[in-house]
Amino acid sequence: MTADRTAAAGEQAWVAARLRGTAEALNVLQQRSPAERRSAARSAVSMLAANVTPANWAQAGLPAPTPTPTPEAGQSGGDLVPLNHPSTVLLARTALGLYCGELRVDDRPVHWDKLVAFFERYLPETAPELVRLRERAAGAHVAANDTSPQVFAVLLDALDFHLEADGHDAYLTSIARSNLSVAYRQRRTDADLGNATVLARDEVRTRTARYGADHPVTLVARSLLTLSLLLQAEASDDEAERCDLGRQALAEITEVRVARDRLFGVTSPNATSSRRYEARALMLLGQLDRARSCLESTLTFENTHNAGQQTQSLGQTHYQLARVHRALGESARAAEHARRARQIFESNNPAGRAASDVGRLLDELSAS
């Protein structure tokens, strides 16, 4: 290799490292305001446009970039990072994750599908980066209430891939296991809720052993387990089983909520989602006044964090407030919160399960 080629390879490696570092840094913005996520997504696309082999990034489902900066002195075509480089894929995936935060839930899958199709032209079928992209796309489909056999096939293949490539206890395997648990929970046919709970318990055990009970990634797994328990309880016709599952869920989520309050603050999305689950467990146990108080605090914290943004999570809080007011015999208040929830759900994902659930609640309130 000539000195010039060696220097070019070194420069390319430096640019690729910068792309990876940018992607890792931008990941911390996933929970920030929509304006911050939007700006970060466009900046990431600008960086791709300036430092990667030229490509049609709009065709890949990404937003238009901010004005492209002037190339650094000395940068040449030989310094550009190729499209099949892991750093390119990582930054593109991060950019789309940020961009999708400003899209309706049911509009997101098409963008992820475009990104998958784009990189399928440059990556081998078994490339880990392509497997992870397909996982993200499948997750977007599940969130939009698509639990078709094709989506499940992607998630099952991803879990098999990570089990073989990374091992049972590896982080990427745990993500794949959690994704499959979420899909079972969303589909909810036959034994799906039981399967979701089994996978969630396995994930809690794995992450607790590896990271500790209060590590953020373990708290995510414990929160997913709580939701599986809540859904099992709410679907059960056996009062004793409902109460037992409700007690398990309350004990788990109270510990998670305390840890998240300490780690992230009471207005953080993680902490408010924990409060919402806590309220659902309290409802199952008949502690309606405590559940209402918990949800009212959640609503205050979410409005503070979101600065008026009508998010899916805010819709969930209104929906749970509608349920608790109905249980308390306060039909007018229940209908008020249910209408607000429906407005939010229909503006984000009108064909989703949440919109269907709140529509059914409003019909029942009207009938009574």
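We did not get these values from a lab; they are worked out from the coordinates using the rules stated. Predicted, not measured: the structure shown is a model, and the values here were computed from it. Backbone-built Cβ (ideal geometry, glycine too); neighbour counts: all protein chains shown.
Normalised by 2.2 N^0.38 Å, with N the number of residues, the alpha-carbon radius of gyration of segment 167-242 equals 1.11. With a simple spin-label model that places each label point 7 Å from the Cα along the Cα-to-Cβ direction, the separation between Arg38 and Glu336 comes to 3.1 nm. Converting the Cα gyration tensor eigenvalues of segment 106-195 into ellipsoid dimensions via √(5λ) gives semi-axes, longest first, of 21, 18, 9 Å. Peptide packing for 310-317, 189-196 was compared via the average number of neighbouring C-beta atoms within 10 Å per residue; ordered from the highest value, the list is 310-317, 189-196.
Only one of the values (i) 20.8, 62; (ii) 23.5, 93; (iii) 22.5, 83 was calculated from this structure for Rg and Dmax of the Cα atoms in Å; name its label. Only one option fits the structure, namely (iii). Compared with the dominant principal axis of the Cα atoms in the chain, helix 171-187 is inclined by about 40°.
Around the amide H of Val52, modelled in the peptide plane, lie the amide H atoms of Val81, all under 5 Å away and 5 or more residues distant in sequence or on another chain. Return one number: the angle in degrees, 0 to 90 and rounded to the nearest 10, between the long axis of the Cα atoms of helix 128-143 and the longest principal axis of the Cα atoms of the chain. Once rounded, one gets 30 degrees. Taking all Cα pairs closer than 8 Å and separated by 6 or more residues, the relative contact order of the chain comes to 10 percent.
If you look at the Cα atoms of segment 245-368, you get an Rg and a Dmax of 14.1, 45 Å.
For segment 118-127, 3J(HN,Hα) computed residue by residue from phi via the Karplus equation (6.51, -1.76, 1.60; θ = phi - 60°) reads 4, 7, 4, 6, 10, 10, x, 4, 9, 5 Hz, glycine and proline entered as x.
Taking packing as the residue-averaged number of other Cβ atoms within 10 angstrom, the listed peptides 278-285, 104-111 run from highest to lowest as 278-285, 104-111. Site pair Arg247 and Ala50 shows an inter-label distance of 6.0 nm when each label is modelled 7 Å from Cα along Cα→Cβ. Helical runs (DSSP H, four residues minimum) scored at -39500 (n - 2.57) apiece and divided by the length of the chain put the mean residue ellipticity at 222 nm at -25000 deg cm²/dmol.
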